[in-house]
Amino acid sequence: MSFSTRILCIGAGHVGGPTMAVIADRCPHVRVTVTDINKQRIDAWNSNDLPIYEPGLDEVVKRARGRNLFFSTDVAAGIREADIVFVSVNTPTKAFGEGAGRAADLQYWEKTAREILAHSDRGKIVVEKSTLPVRTAAAMARILNSNGRGIRFQVLSNPEFLAEGTAMRDLEQPDRVLIGSEETPEGIAARRAVADLYATWVPRERVIESNVWSAELSKLTANAFLAQRLSSINAMSALCERTEADIDEVAYAIGTDSRIGPKFLKASVGFGGSCFKKDILNLVYIAQSYGLREVAEYWEAVVRMNEWQQARFVRTMLANMFNTVAGKRIAVLGFAFKADTGDTRESPAMTVTRALIAERARVVITDPKALANARVDLQDVGDAVEFDADPYRAAQGAHAIAVTTEWAVYKTLDYKRIYDAMEKPAFVFDGRNILDHRALFEIGFNVFPIGKTPLKHV
Ligand code: NAD
Ligand code: UGA
């Protein structure tokens, strides 16, 4: 079959894999190849056991794989053939040198830029899919266009806004697609070509075009605003616990104001995930490097509040379990950073678990999809932690249950059965406010929700 366009995506992770699967599914006239340096990942993409769990992903991959969707480790061949190269490699926080702990580590990005240059014999459109500091595209364009062979590249910014757990819906029906380019005739032509691709299934008015800096900065801004809402509601949850106000009632009351809106107001043990913290810290670093101290401090507070909320959750556990959890079995329900994913990066459950281990508790972790990642994340703690896929077994003999991920399955467990098998007094710390607190209290539990008055027998 002949294809009108050949696309390559470098980086077969949580963004590259699902995004390219949807492009291939919706654009049968386009040949899509996804490459990665991690052979194990590519083998998994070519198997029936995909490397990431995302509801609805399996069906889409099965429909397109082998037809116009291919997974390969041959990055060089992929580059040679491609008209458009998406780069979706990881951009973690830098762990060394200048900006350590805040700035984005751009080594993977730069490596791919050099690789694209090495294997190209004609000009291409290069698309930043990874989240990058504002003005990275310009640096990349300089690297790519500094070749002595007269080959010209256009570097676009097309940030991804999908959330894990809902990635397929977010990709198939996005609120918007954002494409930024240099404001030259060549830049605008390149962004139109990518806009046309998306317009195959996304309504035109949802494809936003902008200059390249605006696109890059909009991505960091969107994540900062979303995380700021969470830190705001979590800050209020602490105040609710002192004043007998109820955070869900407050969230509902403010969310009905159409200027505020109801989404992203669920108070919790804190936000997790690979991006909010890293992207805000990156924003902080950028602001600092432009001498904007107040801007940096403003956004940094969003991260600090989140860290405080996670620590506060553990302090509540300790204070109410007679100031010691040493030797006590505690069941942690959920290790994924949110429901419907197996991803555990920056999961609040990890912070809670490590803090409990530091207090010498015996922690048992249960999760429907994230136990494999949890085992890797906690391999340094040895026998201090157990893993059990069965929540009933995890809670057996426990003094307390801590709900750290909002998996739907935890709402429907038989809590009477769990209570009967636990040590007494039995405690529930609901870090996601998903359980029926009154019903738990009536069973006999001491119940500590987030942002609500606790229900205590002791
Ligand atoms: P990930 O770690 O899941 O995947 C990145 C992949 O890139 C890895 O498989 C890695 O092996 C590969 N890689 C690194 N260097 C490479 C190279 N030189 N050649 C080929 N492959 C290489 O990361 P992710 O979660 O998919 O995130 C990717 C980017 O997208 C990040 O910048 C992130 O901020 C952004 N983002 C992520 C999400 C999300 O929900 N995870 C959403 C929006 C944006
Ligand atoms: C987030 C953004 O929502 C995406 O738009 C963005 O593309 C992505 O980051 C990224 O750049 O990586 P994600 O981290 O996958 O997506 O998941 P979210 O749904 O945003 O949840 C983040 C964290 O906030 C989770 O721990 C979740 O449990 C928590 N959360 C979310 C709450 O505590 N309360 C809420 O009301 C919503």
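Since every read-out is calculated from the coordinates, none of them should be taken as a lab result. Predicted model only: the values in this text are computed from it and were never measured. Cβ placement follows ideal geometry from the backbone for every residue including glycine, while neighbour counts extend to all protein chains displayed.
As a quick test, which of the pairs Lys129/Lys219; Lys219/Lys278; Lys278/Lys369; Lys328/Lys424 have an alpha carbon distance above 21 angstrom in this structure? Could you put the intermediate results ahead of the total?
Details: Lys129/Lys219 10 Å; Lys219/Lys278 12 Å; Lys278/Lys369 24 Å; Lys328/Lys424 11 Å.
In this structure, Lys278/Lys369 exceed 21 Å between Cα atoms.
Per-residue ellipticity at 222 nm from helix content only, as computed over the chain with -39500 (n - 2.57) for each DSSP H run of at least four residues, stands at -13000 deg cm²/dmol.
Using a 10 angstrom Cβ neighbour count of at most 14 plus a DSSP loop assignment to flag exposed GluC sites (Glu not before Pro), which longest range of the chain is free of such sites? Please list the in-between numbers first.
Working: sites that count: Glu98, Glu183, Glu244, Glu423.
Here the longest run is 245-422.
Here the extension length gained between Arg114 and Glu244 equals 41.0 nm, from 0.36 nm per residue of separation less the Cα-Cα distance. Modelled spin-label separation between Ala189 and Leu413, with each label point placed 7 Å from Cα along the Cα-to-Cβ direction: 6.1 nm.
Hey, what does the equivalent ellipsoid look like for region 308-448, semi-axes from the Cα gyration tensor as sqrt of 5 times each eigenvalue, largest first, whole Å?
After scaling each eigenvalue by five and taking roots: 20, 17, 14 Å.
In the calculated pair-distance distribution of the chain, the portion above 41 angstrom amounts to 23 percent of the Cα-Cα pairs. Counting only alpha carbon atoms, the long axis of helix 293-320 and the longest principal axis of the chain meet at about 30°. Take every pair of alpha-carbon atoms less than 8 Å apart whose residues are at least six positions apart; their mean separation over the length of the chain yields a relative contact order of 11 percent.
Count the net charge of all other residues whose Cβ sits under 13 Å from the Cβ of Glu115, scoring Lys and Arg as +1 and Asp and Glu as -1. Value of the local net charge: +1. Among Ile260, Ile10, Ile280, the order by Cβ neighbours within 10 angstrom, fewest to most, reads Ile260, Ile280, Ile10. With no solvent and one equal point scatterer placed on each C-alpha of region 316-380, evaluate the Debye formula and give log10 I(q)/I(0) for q = 0.16, 0.29 Å⁻¹, two decimals. With no solvent term, the Cα-only Debye profile gives -0.51, -1.26.
For region 5-202, the Kirkwood hydrodynamic radius comes to 17.0 Å, computed from all pairs of different C-alpha atoms.
Using the alpha-carbon positions of region 259-323, Rg (one decimal) and Dmax (whole number) come out as 15.2, 49 Å.
If one takes the longest principal axis of the Cα atoms in the chain, at what angle in degrees, from 0 to 90 and to the nearest 10, does the Cα axis of helix 348-358 lie? That works out to roughly 50 degrees.
Helix 276-289 and the longest principal axis of the C-alpha atoms of the chain enclose an angle of approximately 60°.
Between exposed trypsin sites (Lys or Arg not before Pro) in the chain, where DSSP calls loop and at most 11 other Cβ atoms lie within 10 Å, what's the longest gap?
Working: sites that count: Arg122, Arg149, Arg259, Lys263.
It works out to 264-458.
Each other residue within a Cβ distance under 11 Å of Val284 adds +1 if Lys or Arg and -1 if Asp or Glu, for a net charge of +2.
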